[in-house]
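The values are calculated or read from the model by the stated rules, or taken from the named source; none is laboratory data. Being a predicted model, the structure only gives us computed values, none of them experimental. Every residue, glycine as well, gets a Cβ built from its backbone with ideal geometry; the counts of neighbours run over all protein chains shown. We work out accessible area using only protein heavy atoms, side chains counted, and drop any ligands, DNA or RNA first. Shrake-Rupley method; radii C 1.70, N 1.55, O 1.52, S 1.80 Å.
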Amino acid sequence: MMERTLGIIKPDGVGRDIIGTVLERIEKAGLKIVALKMIRMSKVQAKGFYKVHEGRPFYESVTDFMSSGPCVVMILEGDDAIAAYRGLMGATNYEEAAEGTIRRDFATDIEKNVVHGSDSPETARFEMDYFFSALEAAPA
Ligand code: ATP
Ligand code: MG
């Protein structure tokens, strides 16, 4: 099923100059990058993005991290894109992530784990709308 998902290269990935590496893995996996930009979230914007995690012990820390520098945000399209991209990313905790995944290869910490990907059609809709206007996300 053709699907869209929201991907982010987090501030650690941007800071470590692996934007190109991550984008190459996405493209080689057959996911189409249909929208892409670099943004810097404020603390308030990061809290809005991760509001599903409000109240969790890592909420303050992860929103500090996500607002600490620029992120690359993108919309990816492809067959089962949500699961396909989460497969490319690997588990949240890089120590548990499968060999060859982005997090296994590049993450340094459970928080600083290089990439984000939507986890369901509902969160994908919310997250794509959070960063991209209807014009930017228009079908080709
Ligand atoms: P993401 O939503 O960023 O794609 P995920 O869906 O794999 O990652 P979530 O459970 O949604 O994981 O957590 C969101 C983010 O919060 C994680 O990617 C990580 O940066 C941070 N995080 C999650 N769990 C922890 C934790 N136990 N300690 C510190 N940071 C955490
Ligand atoms: Mg998540």
Exercise. What number, rounded to the nearest 500 deg cm²/dmol, is the helix-based mean residue ellipticity at 222 nm of the chain, given -39500 (n - 2.57) per DSSP H run of at least four residues and division by all its residues?
Worked result: -10500 deg cm²/dmol
Seminar exercise, completed: The relative contact order of the chain, taking Cα pairs under 8 Å that sit 6 or more residues apart, comes to a percentage of 36 percent
For this session: Round to a whole angstrom and tell me the spacing of the C-alpha centers of the range 60-139 and the range 25-40.
Result: 11 Å
Problem set entry | 33, 18, reordered so the largest accessible area comes first (probe 1.4 Å) | 33, 18
Exercise. Quick one: if you stick a label point 7 Å off each Cα along the C-beta vector at residue 80 and residue 99, how many nm between them?
Worked result: 2.2 nm
Exercise. When the label point is put 7 Å from the Cα of residue 135 along its Cα-to-beta-carbon vector, which residues of the range 6-48 have a backbone N closer than 19 Å?
Worked result: 34-39
For this session: For the range 64-72, just list the computed ³J(HN,Hα) in residue order, Karplus coefficients 6.51, -1.76 and 1.60, θ = phi - 60°, integers in Hz, with x standing in for Gly and Pro.
Result: 4, 4, 5, 9, 7, x, x, 10, 9
Problem set entry | Contour excess over end-to-end distance, with Cα ends at residue 123 and residue 21 and 0.36 nm allotted per residue | 34.2 nm
Problem set entry | Solvent-accessible area per residue, Å², over the range 81-134 with all protein chains present [probe radius 1.4 Å] | 48 Å²
Exercise. Quick one: with all protein chains in place, what share of the accessible area of the range 2-131 is carbon or sulfur, to the nearest percent (1.4 Å probe)?
Worked result: 52 percent
For this session: Keeping all protein chains in position, work out how much accessible area residue 41 exposes to a 1.4 Å probe, and write it in Å² to the nearest 10.
Result: 10 Å²
For this session: Would you mind working out the magnitude of the charge dipole of the chain relative to its Cα centre, with +1 at each Lys and Arg C-beta and -1 at each Asp and Glu C-beta, to the nearest 20 Debye?
Result: 340 debye
Exercise. Can you give the FRET efficiency for residue 58 and residue 1, using 1/(1 + (r/R0)^6), R0 = 25 Å, r = Cβ-Cβ distance, to the nearest 0.05?
Worked result: 0.20
